[in-house]
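First the structure, in the form of structure tokens, and then the observations on it.
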Amino acid sequence: MKPKIYITRKLPEEIVNYLQEHCDVKMWEKEDVPVPRNILEREIKDVDGLYCLLTENIDKSLLDQAKHLKIVSNMAVGYNNIDIKYASERGIKVTNTPEVLTETTADLTFALLMTTARRLVEVSEVVRNGEWKTWSPMAYTGQDIYGATLGIVGMGRIGEALAKRAKGFDMNILYYNRSRKIETENKLGVKYVDFESLLSESDFICIMTPYTHETRNLFGSREFSLMKPTAILINTARGGIVNEEALYQALIAKEIWAAGLDVFENEPVDTNHPLLKLSNVVSLPHVGSASIKTRIEMGILAATNLVEGVSGRVPPNQVN
Ligand code: GLV
């Protein structure tokens, strides 16, 4: 008998076909609506494997429903949506999808940095709304990227890929990480600094760190007060790393210049969220890894992890 799995969102056909070759598959058939919690609680009861997205909260009470679960395969590199500690205690493997999304996410991060620095969304609206009157010396001016100082918080794979892009813009690159990365320093010419120095010296600060208990609200009012008034914050990691209320206050008090946000504490973000009312905030719907090729690769990698896990083998991307 094939192992039973549940997939929490409609996936591209080729991925479902692959999974069906190896597993008895049940899937939530909607693409734009996450599976309701009560259905997930019911479905998880007798499956061997769960294929899920970052939109599902895989907490203790959900895992307690599962009687035979061997593996939770998350189609994301981040896995803060899963209670890893409890899954480990229960002997349930957890996997993610690293590497395949590194370059795509670094591309988006740099694009968001450029968009925010040069106010591209805001000034594009000026043209569309018929508000473009004339060329004027200081109208629509932003911040320079070429030669500026970039501070990267979290020098993992995506941080490194971002540093490579920044080198092409002759940026002075600082980084802060739990541990120093001497090899990366030698390879890319990036400089390790303490967190406070990174905050006060950077023109752009990009958050590239995982979301954990230690990084929750890492950016609050104290951190914004240390930043330059011309500084730009870019977050393509997880919303909860930034205290959104403190960010809003820092932006309206002009303690910092702008923010580019691909992620929010609660997603999808409420359209009444105060940050969305500010013209110096560029907001995106969590699209860091959203290229067609990368999303397919993530989907396939998550499927491979799942098949290995339900078959009792060690999946390639086990995180616990
Ligand atoms: C997306 O945010 C991911 O973690 O893959």
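The values are calculated or read from the model by the stated rules, or taken from the named source; none is laboratory data. Being a predicted model, the structure only gives us computed values, none of them experimental. Virtual Cβ from ideal backbone geometry, glycine too; neighbours counted across all protein chains shown.
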*Picking from 88, 124, 73, which residue would you name as being more than 16 Å from the ligand (Cβ to nearest atom), polar (S, T, N, Q) and either assigned by TED's automatic domain parsing to the domain that holds residue 301 or at pLDDT below 95 (or both)?*
88
*Of all the residues that make up the stretch 282-302, how many are more than 15 Å from the ligand (Cβ to nearest atom) and in contact (Cβ under 8 Å) with a residue 40 or more places away in the chain?*
1
*Only listed residue being modelled with pLDDT of 95 or more and touching a strand residue (DSSP E or B) at 6+ places or on another chain (Cβ under 8 Å), chosen from 217, 272, 266*: 217
*asked:* Here is a list: 81, 96. Which entry is in contact with a Leu (Cβ under 7 Å, 6 or more places away or on another chain), modelled with pLDDT of 95 or more, within 16 Å of the ligand (Cβ to nearest atom) and among the polar types (S, T, N, Q)?
replied: 81
_Unmet requirement for residue 260, which otherwise passes all of (1) in a loop (DSSP other than H, G, I, E, B); (2) among the small types (Gly, Ala, Ser); (3) within 18 Å of the chain's Cα centre (by Cα)_ = (1)
*asked:* Among the residues that make up the stretch 155-166, is at least one of them outside any loop (DSSP other than H, G, I, E, B) and of a type in the set (Val, Ile, Thr)?
replied: yes
